[in-house]
Amino acid sequence: MKTQYYTASSLDGFIATEDDSIDWLFPLGDIDDTGYPAFIAGVGALAMGSSTYEWMLRHAETVAAETGSPWPYEQPAWVFSSRTLPTIPGADLRFVSGDVRPVHAAMRAAAGDRNIWIVGGGDLAGQFHDAGLLDEIIVQVGSVTLGTGKPLFPRRLTQPPLQLLAVRQMGSGFAELRYRVPASRAD
């Protein structure tokens, strides 16, 4: 079982625009032509920050039109937020705040032998990294630049560096990079 940050990023390292839009992503290709179907089949629990969850709320009708449900996940989801947020009927949601470590333990129990997906955003993935709980970063780099926006991973990772495991081209719009996150070196 691994804890994985799986996301898409612009070529210049942003996962969304300043106003949390990911509209830049959709013209780049069909999600079924990416590694997503195989990835989600191995996921047993997921975590997301409030901005990601609120995007899901704002786009519930579009998500329902494409997937048949306003909430496309069967797995239990932990939403990290310091605010009270509305729920989505039929979704297995747990609203939490604070330290990711005790939440990760609950996610591991729920996921069984399947993986944990850190959906986003980048700061939440960074919190899992800071706690020594992030095993992999899988990023599908799109063939666009945004100039500014929400960063892919707002942390400095230099020692030890990430270890590249795989590179894969997906159509003409994406390159998928898979990195192992080594244990942090004790200072």
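Computed from the coordinates by the stated procedures, all read-outs in this text should not be read as laboratory data. As the structure is a prediction and not an experimental result, all values here were calculated from the model. Please note: Cβ atoms are built from the backbone with ideal geometry, for glycine as well, and neighbour counts cover all protein chains shown.
Details
- Split the chain at each of the GluC sites (Glu not before Pro) in a DSSP loop with at most 13 other beta carbon atoms within 10 Å, and the longest piece is 75-187.
- Estimated purely from DSSP H runs of n ≥ 4, each contributing -39500 (n - 2.57), the mean residue ellipticity at 222 nm for the chain is -6500 deg cm²/dmol once divided by its residues.
- Couplings 3J(HN,Hα) for the range 141-147, derived from phi with the Karplus relation 6.51 cos²θ - 1.76 cosθ + 1.60 (θ = phi - 60°), are 8, x, 8, 9, 10, 10, x Hz, where x marks Gly and Pro.
- q = 0.11, 0.16, 0.24, 0.25 Å⁻¹: log10 I(q)/I(0) that the Debye formula gives for the range 1-78, counting C-alpha atoms only: -0.31, -0.71, -1.74, -1.79
- Summing charges over all other residues whose Cβ lies under 12 Å from the Cβ of ILE15, with Lys and Arg as +1 and Asp and Glu as -1, gives -3.
- Assuming charge only on the beta carbon of Lys and Arg (+1) and of Asp and Glu (-1), the dipole of the chain about its Cα centre is about 680 debye to the nearest 20.
- Sum of side-chain charges, GLY35 neighbourhood, beta-carbon under 14 Å (Lys, Arg +1; Asp, Glu -1): -3
- Remark on ALA16: its backbone amide H falls under 5 Å from those of LYS150, a criterion applied only to residues 5 or more positions apart or on other chains, H modelled at 1.01 Å from N.
- In the calculated pair-distance distribution of the range 63-159, the portion above 17 angstrom amounts to 61 percent of the Cα-Cα pairs.
- Where the Cα pairs of the chain fall when distances are cut into 10 Å bins, in %: 9, 36, 41, 13, 1, 0
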